[in-house]
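> Structure in structure tokens, see below.
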């Protein structure tokens with residue numbers, strides 16, 4: 001094998017008579033790049049924990065407080081189910097699901113190419129939100145929700161992190177699947 005060829009790209013060579021590989025496989029990110037996902041996860045988890053602690057300390061259960069006119073309220077609720085109180089009897093399942101999803105994200109993070117910062121941000125948001133809600137379920141058997149739009153079920157920072165993270169991750173993964181998009 002010529003000195004410039006590598007096992008990952010057998011067609012690449014200094015010999016001008018041979019074609020160079022059209023598509024190269026992106027190298028996995030270094031640990032510093034991989035840490036981006038964990039920093040986002042810690043930030044989402046921490047913001048979720050801080051806001052829930054403030055709500056539990058300062059707001060009575062089920063008493064709405066208007067914060068932005070009649071658009072946004074803070075209403076302290078305890079949710080024993082999943083998003084929007086669905087699956088009330090599946091608390092243990094949701095904790096296990098959060099653990100499995102987090103483990104899968106950790107394993108996948110090692111394979112994400114270095115330039116995929118937004119994919120790491122999205123997956124970090126999902127992991128931080130999932131772990132925030134899982135901790136609530138483990139400690140108290142329910143999740144503290146408090147952002148109340150009146151026309152949508154009451155939710156929290158962890159729920160928002162999961163949804164925003166899923167949108168970002170989906171967009172990045174679809175762009176990677178279709179390079180023309182992205």
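> What number of residues within the stretch 57-83 satisfy the criterion of being assigned to a strand (DSSP E or B), within 16 Å of residue 151 (Cβ to Cβ) and without any contact (Cβ under 8 Å) to a residue 24 or more places away in the chain?
Count: 3.
> Determine whether the stretch 119-131 contains at least one residue that is farther than 19 Å from residue 102 by Cα and in contact (Cβ under 8 Å) with a residue 24 or more places away in the chain.
Looking through the stretch 119-131, none of the residues is farther than 19 Å from residue 102 by Cα and in contact (Cβ under 8 Å) with a residue 24 or more places away in the chain.
> Another question, if that's okay. Of the residues 99, 138, which single one is surrounded by fewer than 15 Cβ atoms within 10 Å (Cβ to Cβ), at negative phi and under 18 Å from the mean Cα position of the chain (by Cα)?
Going through 99, 138 in turn, just one is surrounded by fewer than 15 Cβ atoms within 10 Å (Cβ to Cβ), at negative phi and under 18 Å from the mean Cα position of the chain (by Cα): 99.
> A follow-up question, please. State yes or no: is residue 51 surrounded by 11 or more Cβ atoms within 10 Å (Cβ to Cβ) and over 23 Å from the mean Cα position of the chain (by Cα)?
Criteria not met by residue 51.
> Please tell me if residue 161 is closer than 27 Å to residue 119 by Cα and free of Cβ contacts under 8 Å to residues at least 12 places away in the same chain. Talk me through it step by step, then tell me what you get.
Details: closer than 27 Å to residue 119 by Cα: yes; free of Cβ contacts under 8 Å to residues at least 12 places away in the same chain: no.
Here the answer is no, as residue 161 does not meet what is asked.
> Continuing with the same structure: Filter the stretch 61-74 down to the residues that are surrounded by 15 or more Cβ atoms within 10 Å (Cβ to Cβ) and either touching a helix residue (DSSP H, G or I) at 6+ places or on another chain (Cβ under 9 Å) or modelled with pLDDT under 95 (or both) and list them by number.
Scanning the stretch 61-74 gives a single hit, 74.
> Another one. Taking residue 96 as the residue in question, decide whether it is modelled with pLDDT of 95 or more and within 24 Å of residue 144 (Cα to Cα). Explain how you work it out, then say what you get.
Details: modelled with pLDDT of 95 or more: no; within 24 Å of residue 144 (Cα to Cα): yes.
So residue 96 does not fit the description; no.
> Now for a separate question. Any residue that is farther than 21 Å from residue 139 by Cβ, surrounded by 11 or more Cβ atoms within 10 Å (Cβ to Cβ) and modelled with pLDDT of 85 or more - is there at least one of those in the stretch 9-31?
Scanning the stretch 9-31, I find no residue that is farther than 21 Å from residue 139 by Cβ, surrounded by 11 or more Cβ atoms within 10 Å (Cβ to Cβ) and modelled with pLDDT of 85 or more, so the answer is no.
The values are calculated or read from the model by the stated rules, or taken from the named source; none is laboratory data. Owing to the predicted nature of the structure, the values given are computational and were not obtained by experimental measurement. All Cβ positions, even for glycine, are placed from backbone atoms using ideal geometry, and neighbour counts span all protein chains on display.
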